[in-house]
Protein chains: 4
Amino acid sequence: MSVTNQATAILLAECQDQPGIVAKVTDFLARYNGNIVDLEQHVDTEDKHFFMRVEWQLENFNVERDAIKNMFSEQVGSILGMNWRIAFSDIKPKVAIFVSQHGHCLFDILSRHQSGEWYADIPLIISNHTTYKTLAENSGIPFYHLPINAGNKADQERIQLELLAKNQIDTVVLARYMQILSGDFINHYPNQVINIHHSFLPAFPGAKPYHSAHERGVKIIGATSHYVTSELDAGPIIEQDIVRIKHNDNVEDLKRKGQDNEKIVLSRAIRHHLQHEVLVYKNRCIVFD
Amino acid sequence: MSVTNQATAILLAECQDQPGIVAKVTDFLARYNGNIVDLEQHVDTEDKHFFMRVEWQLENFNVERDAIKNMFSEQVGSILGMNWRIAFSDIKPKVAIFVSQHGHCLFDILSRHQSGEWYADIPLIISNHTTYKTLAENSGIPFYHLPINAGNKADQERIQLELLAKNQIDTVVLARYMQILSGDFINHYPNQVINIHHSFLPAFPGAKPYHSAHERGVKIIGATSHYVTSELDAGPIIEQDIVRIKHNDNVEDLKRKGQDNEKIVLSRAIRHHLQHEVLVYKNRCIVFD
Amino acid sequence: MSVTNQATAILLAECQDQPGIVAKVTDFLARYNGNIVDLEQHVDTEDKHFFMRVEWQLENFNVERDAIKNMFSEQVGSILGMNWRIAFSDIKPKVAIFVSQHGHCLFDILSRHQSGEWYADIPLIISNHTTYKTLAENSGIPFYHLPINAGNKADQERIQLELLAKNQIDTVVLARYMQILSGDFINHYPNQVINIHHSFLPAFPGAKPYHSAHERGVKIIGATSHYVTSELDAGPIIEQDIVRIKHNDNVEDLKRKGQDNEKIVLSRAIRHHLQHEVLVYKNRCIVFD
Amino acid sequence: MSVTNQATAILLAECQDQPGIVAKVTDFLARYNGNIVDLEQHVDTEDKHFFMRVEWQLENFNVERDAIKNMFSEQVGSILGMNWRIAFSDIKPKVAIFVSQHGHCLFDILSRHQSGEWYADIPLIISNHTTYKTLAENSGIPFYHLPINAGNKADQERIQLELLAKNQIDTVVLARYMQILSGDFINHYPNQVINIHHSFLPAFPGAKPYHSAHERGVKIIGATSHYVTSELDAGPIIEQDIVRIKHNDNVEDLKRKGQDNEKIVLSRAIRHHLQHEVLVYKNRCIVFD
């Protein structure tokens, strides 16, 4: 779905299924003259669980923005026992990019940022190398070099967290950042740290997936963008895609073809996240696209 | 979305956009205790047009099945100036298959029919050739051989229409039927005649698309399933897909690779149609999948 | 590549790389007036290993068919230390199909067999169930019901092997045959038993891959056709493909969408095998397509 | 196929088919101790036409580089009546980029250039707008602003051609350059001007293909990279790919999704071209990939 020019509110919600949920939500919106521009809803009939995303125009909606969450909670959310959140389309999320030495994802992100494809701010780029310092600076984005070694990881993470806090960062994108974040770091940003892994997870987790793919002789290679959790490469998957390879491709070919796929998959995942289309339930992402 | 075991009603609707449409529909359903299992809705913000599909359980719904359409019309549809239709998931559509001499789509359809993948009846197969007479009979489906030549087309179409009427056919599937149906025939089944064309329309309409694709040197070939209208290969598109070809593929390779694609595309289109997921608006199909 | 009408010989070969290999092979063919219709060759530059497939017309080739292998061995193969085999395009491979209770792959195979898409004979179908007895018989193919239980597996495999031997079977296709073959059985048909597994291997090996895929929340499901080896789901991969799934698909939807993919992937793998396009090296398939 | 570190020569050739062509070519190479690292060849059996690409190491090849073309012509090419060309992998092609106001392809190209993915020089960027002046300069590439209006096109093309000549440009990439080049310009660079068109040609040629795609209601949008000829959007196709769209995507969504596809398709085409993998025959590209 696309960004409309007018400000909208977006509700993401899930709860146990029961009759009348949609009506209760849409009644609430109609009562205050909210015009729905997009609604998607479904029931997992095995789990008997209900999932919903609804987006409505704020113009003419007769509730003050500050009061919406409380009123929704009282009149709908609490009554139905929902897990829910509400976001506003005209509030720019602040995104920090972490990168190491592979720049294809960073380039792709900066290209989209510069063209205005995403409604988001990128207040800083953090890297354990200096490779992309000039690129960042040419893009007008502050660049922080925080090298990691065996002994300094906890200290550097503390600095990273301070930088993120100071810049009021909402979301961290690991654009091929080749360091494993601590559980403590991740707990600061639950379902807000987006990683790109260069395989079709759960196949080939961990290091050197293209080498493993070549050795196994697969005919297709993949990329997976997921929220980072404390278990390596096991967080909820936001987006995946694949690219076919050929019988005479070597590991270098796989890397090259894979990188095109990685950057597209990561950017799609970021967009879903920024558009408030992703709902996490039981370590799975429901992506209302 | 999947077939649930319980009977449901499905509303497909479109109208000019205005605030409160979803609420009015879902209120109507909630008023009579209808439990929504699937709702998808969006607004074409350029056209300011509203599209919706909603499916709810009939069990516990406090309106007699025969009265639903009238009540919906009075309480919602007419008031909002909607174009709408309501279908019931437990009523088996009756589908006639037309085929000529390429059997890959017919085989695929019969395989799905036999495995119970679709909730539909196939009361008859009509062909202008006898090639698949035995196949039809082995499947227990009556087969009618109605050869077409320069002089008898109108007469044969009259017989076809009688057979369809007699068998209370809802939908006609042209499974590589190589005759052009008359406007009169098509008018009997508006948005109910499904064709498969062996190209990525609008590229390569008409005869011999694989020859044209080879000559143009495309890198990808397609297949398109669409509702038949009086303009050849120009009806609303239900489903399309493609397959990559190689630099050393000749026309025969294209045909072979294309046929795999054709049968899958046609079967997906048939399923969308049978599941009441397709809404036609301005010669375009909105497919709520 | 496509089947030509004229009889051809096909050489598949691999050896350590060294200068002049292609020249030695093509000289041999030119010496006896062999017209090459297709040659593909590459070097794995990391492994320094050479791979080749060459196909030439037998018409006007000045070596008796019976003498070709000996002459090639003496003049080329032995000298270069090659692993090689030569096949003839006009010798019909004999293929046995094993199936259990899912018929989508079997239907697809029979459809292709009946349309003459493959140059192969199917002398028998073996099943541990009777589900597809009628289908087999309608296709004119002898059907053998060999039920498997905890106690009789070895005995039934002995009967299976006798049937295969009696029918001079070259290749066994496991078209969703839900029994694990013994190592002894597999050893009778090295790189000649083709399986279809309903996941993107190496992800989700073993039983119930669609359940696992649903639980892991992947965005794409796959199918893998491979030669069967003694290690479960770990044999050399011939072909793979994937299909995207949606956030509201349940396990039944995955099965349905996956089955379309399975049958296409299996049939492509069978074709590669029948066309002598597959060379196995280090548990990987080089597929010269 | 991948770039090897060692210098290679690449022959691309086509001629009427006849027995012994491959042998004559490979004999020539073996005679002077050329080690073939990649050979692909096939015959169009309908056209009875022969196509070949062969790549061999220059190290240990006993012909001086300057003499190779003459010797090949005398000993092979002329005798067989071949159309052929020979390129060397260690000679960097010089590529000029033309761009207008959409930057996604330019960004992608610069990203690959900067990461060293391609073995090529980019001595200049030409644009009829100043939008990407800073981007070019940050990349260290001279930028020339040559605005086009109704009256100055011929003059500006003359300046463009002078700039290309002065920089010894081999290949011109139109990275969403929204001006039609004159026949005279194109004749200076036959099969050396690469365009990206934002549709699946031959569908939707000309202006505003995403609008046309939306109006036609296609389910898939494409992008096509082709050599520019004097007939608009009708030159030989190097690469195409597609992306699925959704029923609720508007024209802006199509543009956004399409742009991801455009940049990948264009970059693949550029790579094929730079690797000397493309042979044009009868307005079709044979791409030996």
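The values are calculated or read from the model by the stated rules, or taken from the named source; none is laboratory data. Here the structure is a predicted model, which is why all the values come from computation and not from measurement. Reconstructed Cβ throughout: ideal geometry from the backbone, glycine too, with neighbour counts over all protein chains shown. These accessible areas exclude ligands, DNA and RNA; they are computed on the full protein's heavy atoms, side chains included. Shrake-Rupley method; radii C 1.70, N 1.55, O 1.52, S 1.80 Å.
Odds and ends about this structure:
Yes/no per residue for (1) in the same structural domain as A:H198 (by TED's automatic domain parsing); (2) surrounded by 19 or more Cβ atoms within 10 Å (Cβ to Cβ):
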residue: A:E55; (1), (2): no, yes
residue: A:E59; (1), (2): no, no
residue: A:I79; (1), (2): no, no
residue: A:L110; (1), (2): yes, yes
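- Checklist (1) closer than 24 Å to C:S111 by Cα; (2) away from every other protein chain (no Cβ under 11 Å) applied to B:A223, failing item: (2)
- Residue check, B:G217 at pLDDT 95 or above and at the interface with another protein chain (Cβ under 9 Å from one of its Cβ atoms): yes
- Leading residue by the ranking (nearest to the chain's Cα centre (by Cα)) among those in the stretch B:81-103 that are within 14 Å of chain C (Cβ to nearest Cβ) and open to solvent by less than 20 Å² (accessible area, probe 1.4 Å): B:V99
- Filtered by the rule that a residue be touching a His at 6+ places or on another chain (Cβ under 7 Å) and closer than 30 Å to C:R53 by Cβ, the stretch C:237-287 gives C:I237, C:I238, C:E239, C:E262, C:K263, C:V278, C:I286, C:V287.
- Considering the stretch C:232-242, the residues that are hydrophobic (A, V, I, L, M, F, W, C) and either open to solvent by less than 30 Å² (accessible area, probe 1.4 Å) or within 7 Å of chain A (Cβ to nearest Cβ) (or both) include one that is nearest to the chain's Cα centre (by Cα), namely C:I238.
- Residue ID - nearest to C:E277 (Cα to Cα), chosen from residues in the stretch C:112-164 that are of a type in the set (F, W, Y) and buried (at least 18 other Cβ atoms within 10 Å of the Cβ): C:W118
- Test for B:Y227: is it open to solvent by 10 Å² or more (accessible area, probe 1.4 Å), at pLDDT 95 or above and closer than 15 Å to D:G217 by Cα: no
- Applying the condition of being in a helix (DSSP H, G or I) and open to solvent by 70 Å² or more (accessible area, probe 1.4 Å) to the stretch A:165-188 and asking which residue is farthest from A:I91 (Cα to Cα) yields A:D184.
- The residue that is nearest to A:W118 (Cα to Cα), among those in the stretch A:44-72 that are polar (S, T, N, Q) and within 14 Å of chain B (Cβ to nearest Cβ), is A:Q57.
- The set of residues in the stretch C:156-182 being small (G, A, S) and either within 24 Å of C:H104 (Cα to Cα) or in contact with a Phe, Trp or Tyr (Cβ under 7 Å, 6 or more places away or on another chain) (or both) consists of C:A175 alone.
- Scanning the stretch A:243-261 for residues that are within 8 Å of chain C (Cβ to nearest Cβ) and assigned to a helix (DSSP H, G or I) yields a single hit, A:V251.
- Taking the stretch A:86-164 as the region of interest, the strands (runs of 3 or more DSSP E) fully inside it that hold 1 or more residues being hydroxyl-bearing (S, T, Y) are A:121-127, A:143-145.
- Tally of residues being surrounded by 23 or more Cβ atoms within 10 Å (Cβ to Cβ) and within 9 Å of chain D (Cβ to nearest Cβ) across the stretch B:264-285: 1
- Any chance D:I68 is β-branched (V, I, T) and in contact with a helix residue (DSSP H, G or I) (Cβ under 8 Å, 6 or more places away or on another chain): no
- If you check B:Q16, B:Q75, B:Q6, B:Q41 for being modelled with pLDDT under 95 and more than 8 Å from chain A (Cβ to nearest Cβ), only one passes: B:Q6.
- Failed item in (1) open to solvent by 20 Å² or more (accessible area, probe 1.4 Å); (2) closer than 30 Å to B:N149 by Cβ, with B:R31 passing the rest: (2)
- Test for A:S127: is it modelled with pLDDT under 95 and closer than 23 Å to A:S267 by Cα: no
- Among the residues of this structure, A:A23 counts as one that is open to solvent by less than 30 Å² (accessible area, probe 1.4 Å), modelled with pLDDT under 95 and out of contact with any strand residue (DSSP E or B) (no Cβ under 7 Å at 6 or more places or on another chain).
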